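J.: Below are the structure tokens for one structure; questions will follow.
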Amino acid sequence: MDVMKQLSKIGIVPVIAINDAADAVPLAKALIEGGLPCAEVTFRTAAAADAIKAMSDAFPEMVVGAGTVLTTEQVDRAVAAGAKFIVSPGLNPTTVKYCQEIGVPVCPGTANPSDIEVALSLGLKTVKFFPAEAAGGLKYIKSIAAPYGDVTFMPTGGVSEKNLLDYLSFKKIICCGGSWMVPGDAIKDKDWDRIKALTASAVQLMLGLEIAHVGINCENEEEAMDAATKLCKMLGWALKVGNSSIFAGTGVEVMKKPGRGKNGHIGIKTNFIERAKNYLETQGFEFDEESAVVKDGALKAIYIKGEIAGFAIHLVQK
């Protein structure tokens with residue numbers, strides 16, 4: 001899979017400065033267990049190349065890239081260490097062309113329309129936007145993105161849990177780089193549990209997983225109407241009759257005939273269904289691709305294979 005597509009499905013790229021290469025593997029493990037199997041290891045420290053190699057060797061499936069890459073010599077060191085992508089703070093045509101020549105994905109920094117046009121002239125479609133907040137934030141990105149229909153962005157610099165959802169909700173942003181889940185003091189203290197918890201919190205914030213509704217299987221329409229009517233009467237909810245089911249409010253869907261699941265189904269809504277699907281796949285869940293509901297080229301709903309306590313489970317886009 002294309003690296004930028006992989007990063008888009010993950011959604012958040014932890015940006016890391018590692019001073020001791022011995023910290024690389026436990027740090028990578030904490031990120032993966034927290035739900036972010038990727039990292040941008042910055043070349044601001046002497047340990048960067050060794051850290052990239054340690055992460056890549058220990059976790060080949062992890063998408064590890066090199067950040068703050070300023071020269072072709074650093075590109076060579078990063079790629080030799082196992083970096084799967086290159087990120088730079090600015091747009092250096094020499095570095096970009098060199099990455100293209102050796103076949104490594106590169107995402108250079110941009111901060112204005114002139115930078116974007118240089119990137120386009122080099123054949124790039126995805127660029128870093130840096131420093132995101134200091135350069136004008138999401139409002140500025142939306143303004144400069146308008147004339148460049150095919151360009152997508154990876155904002156980095158000032159992105160945090162406070163503005164993450166705002167950034168990711170703009171469709172021209174494929175992912176965000178951030179460091180709040182990997183604070184320097186936690187790395188220094190080797191507090192991998194804290195990093196794992198912060199990473200998991202960032203993932204759950206991004207995905208926003210919550211129960212949308214519970215579906216209850218009934219044998220026939222009469223039984224379904226009776227159940228839905230009683231629930232509405234009990235809870236003061238509105239009744240809504242559909243073709244295959246009857247909704248009691250928005251939280252309970254009563255099926256007119258047995259549907260998926262022994263007992264019924266549970267709908268789980270999410271901010272970003274493709275990212276939620278990717279995350280759950282990394283957690284060992286498999287999906288029934290034939291159940292996918294796609295509208296205007298975008299995934300809207302899909303069932304997980306199997307059942308939990310007799311209930312089929314499906315994701316649905318908020």
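J.: Show the residue pairs that are 6+ apart or on different chains and have beta-carbon atoms under 7 Å apart, the first residue being within region 260-286 and more than 27 Å from Lys171 (Cβ to Cβ), the second being of a type outside the set (D, E, K, R) and modelled with pLDDT under 95.
T.: These pairs meet every condition: His265/Gly259.
J.: Another question, then. Can you find, within region 130-165, the residue that is surrounded by the fewest Cβ atoms within 10 Å (Cβ to Cβ) among those that are closer than 19 Å to Ala17 by Cβ and touching a helix residue (DSSP H, G or I) at 6+ places or on another chain (Cβ under 9 Å)?
T.: Gly158
J.: Still on this model: Counting just the residues of region 260-289 that are over 16 Å from the mean Cα position of the chain (by Cα) and among the β-branched types (Val, Ile, Thr), which one comes out surrounded by the fewest Cβ atoms within 10 Å (Cβ to Cβ)? It would help to see each step written out before you state the result.
T.: Within region 260-289, the first condition is being over 16 Å from the mean Cα position of the chain (by Cα), and the residues that meet it are 260-268, 284-289.
This time we only want the ones that are among the β-branched types (Val, Ile, Thr), so: 266, 268.
On the way: Ile266: 20, Ile268: 18.
The qualifying residue surrounded by the fewest Cβ atoms within 10 Å (Cβ to Cβ) is Ile268.
J.: In region 219-235, what residues are closer than 15 Å to Gly251 by Cα and surrounded by fewer than 16 Cβ atoms within 10 Å (Cβ to Cβ)?
T.: Hits for region 219-235 are Thr229, Lys230, Lys233, Met234, Leu235.
J.: Has region 195-205 got at least one residue that is surrounded by fewer than 16 Cβ atoms within 10 Å (Cβ to Cβ), among the β-branched types (Val, Ile, Thr) and modelled with pLDDT of 95 or more?
T.: Checked region 195-205: no residue is surrounded by fewer than 16 Cβ atoms within 10 Å (Cβ to Cβ), among the β-branched types (Val, Ile, Thr) and modelled with pLDDT of 95 or more.
J.: Considering every residue within region 126-136, establish whether at least one is in contact (Cβ under 8 Å) with a residue 60 or more places away in the chain and touching an Asp or Glu at 6+ places or on another chain (Cβ under 9 Å).
T.: There is no residue in region 126-136 that is in contact (Cβ under 8 Å) with a residue 60 or more places away in the chain and touching an Asp or Glu at 6+ places or on another chain (Cβ under 9 Å).
J.: Of the residues in region 121-157, how many are within 23 Å of Thr94 (Cβ to Cβ) and not in a loop (DSSP other than H, G, I, E, B)?
T.: Counting residues in region 121-157 that are within 23 Å of Thr94 (Cβ to Cβ) and not in a loop (DSSP other than H, G, I, E, B) gives 8.
J.: Among (1) buried (at least 20 other Cβ atoms within 10 Å of the Cβ); (2) farther than 15 Å from Ala224 by Cα; (3) without any contact (Cβ under 8 Å) to a residue 40 or more places away in the chain, which single condition is Ile246 missing?
T.: Every condition holds for Ile246 apart from (2).
J.: Would you check if Gly136 is of a type outside the set (A, V, I, L, M, F, W, C) and over 22 Å from the mean Cα position of the chain (by Cα)?
T.: Details: of a type outside the set (A, V, I, L, M, F, W, C): yes; over 22 Å from the mean Cα position of the chain (by Cα): yes.
Taking the combined requirement at face value, the residue satisfies it.
J.: A further question on this structure: Can you tell me which residue among Ala238, Ala292, Ala301 is buried (at least 17 other Cβ atoms within 10 Å of the Cβ), outside the structural domain of Gly34 (by TED's automatic domain parsing) and not β-branched (Val, Ile, Thr)? Steps first, please.
T.: Values: Ala238 fails: buried (at least 17 other Cβ atoms within 10 Å of the Cβ); Ala292 fails: buried (at least 17 other Cβ atoms within 10 Å of the Cβ).
The unique qualifying residue is Ala301.
The values are calculated or read from the model by the stated rules, or taken from the named source; none is laboratory data. Remember, predicted model here, so these are calculated numbers, not experimental data. With ideal geometry, Cβ positions are generated from the backbone for all residues, glycine too; neighbour counts draw on all protein chains shown.
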